[in-house]
Amino acid sequence: METTIERPPRTMMEVYELLPEGTLAELIDNQIYMSPAPNTNHFTTAKKISKIFDQLIEDKGRGFVFYAPYDVYLDMTQNAVQPDIFVVLSSNNGEIEPLGNFKGVPDLVVEVLSVGNRSHDLVKKKDLYAKFGVKEYWVVDPETKLAIGFEWKENGYIKISEEIGKIQSRLLKEDFAF
């Protein structure tokens with residue numbers, strides 16, 4: 001579909017919103033970051049975890065599970081991300097737009113590391129999710145299957161788990177292996 005631009009974009013959020021659908025890009029603190037498509041290990045790891053979340057969350061009516069690429073607008077001015085997997089529990093106040101995206105703060109986010117983005121997920125996005133109060137943040141290495149979990153507290157994230165091929169979620173009160 002061709003888009004007609006009525007006026008030049010005035011903000012980075014407007015630039016971000018003009019990107020073609022499916023573009024692997026994120027806007028973090030008013031800066032656009034683009035990524036290549038995930039490799040096979042990344043994709044299969046995310047798929048395994050997604051299936052488990054579907055069973056734990058959606059099949060039990062506890063909320064919704066979303067997968068990249070799907071925009072999460074943490075705010076409406078300078079932060080829109082595409083987590084690999086995120087969970088929105090039924091009690092969440094955010095807005096799931098049927099024809100759009102999610103506006104608000106997910107309850108749980110999982111990022112699967114890629115070769116070129118380790119520090120992006122382990123530092124920049126971790127700091128961003130802490131800033132917005134994402135209750136749990138998980139980082140999974142698809143090569144080693146190391147899963148590191150963080151829980152948000154008043155002063156930021158504390159590490160709650162670090163295991164190979166397992167995730168223990170305090171938020172969901174569930175343990176599962178992938």
> Hey, could you pull the Cα Rg and Dmax for segment 59-111, both in Å?
Replying inline: 10.4, 34
> Could you give the semi-axes, largest first, of the ellipsoid that matches the chain, computed as the square roots of 5 times the alpha carbon gyration tensor eigenvalues and rounded to whole Å?
Replying inline: 27, 18, 16
> Taking every eigenvalue of the Cα gyration tensor of segment 1-104, multiplying by 5 and rooting it, what semi-axes result, largest first, whole Å?
Replying inline: 27, 17, 12
> Which value, in Å², gives the accessible area per residue of segment 44-178 when a 1.4 Å probe is used on the protein heavy atoms?
Replying inline: 48 Å²
>> Considering only protein heavy atoms and a probe of 1.4 Å, how much of the accessible area of the chain is carbon and sulfur, as a whole percent?
In response: 52 percent
>> Counting only helical runs of four or more DSSP H residues, what would the 222 nm mean residue ellipticity of the chain come to if each run contributes -39,500 (n - 2.57) and the total is spread over all its residues?
In response: -4500 deg cm²/dmol
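With N set to the number of residues, divide the alpha-carbon radius of gyration of segment 90-175 by 2.2 N^0.38 Å and report two decimals.
On the way: Rg = 13.4 Å, N = 86, 2.2 N^0.38 = 12.0 Å.
Scaled against compact globular proteins, the figure is 1.12.
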>> Of all beta bridges DSSP finds with both residues in segment 47-178, what is the antiparallel percent, to the nearest 5?
In response: 80 percent
>> Give me the percent relative contact order of the chain, please, defined on Cα pairs under 8 angstrom at least 6 residues apart.
In response: 14 percent
> Rounded to the nearest 0.05, what FRET efficiency is calculated for Glu97 and Thr11 with R0 set to 22 Å and r the Cβ-Cβ distance?
Replying inline: 0.65
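The values are calculated or read from the model by the stated rules, or taken from the named source; none is laboratory data. A quick note: this is a predicted structure, and the numbers were derived from the prediction, not measured. Note: ideal-geometry Cβ built from the backbone for every residue, glycine included; neighbour counts use all protein chains shown. Keep in mind that these areas ignore ligands, DNA and RNA; they rest on the heavy atoms of the full protein, side chains included. Shrake-Rupley method; radii C 1.70, N 1.55, O 1.52, S 1.80 Å.
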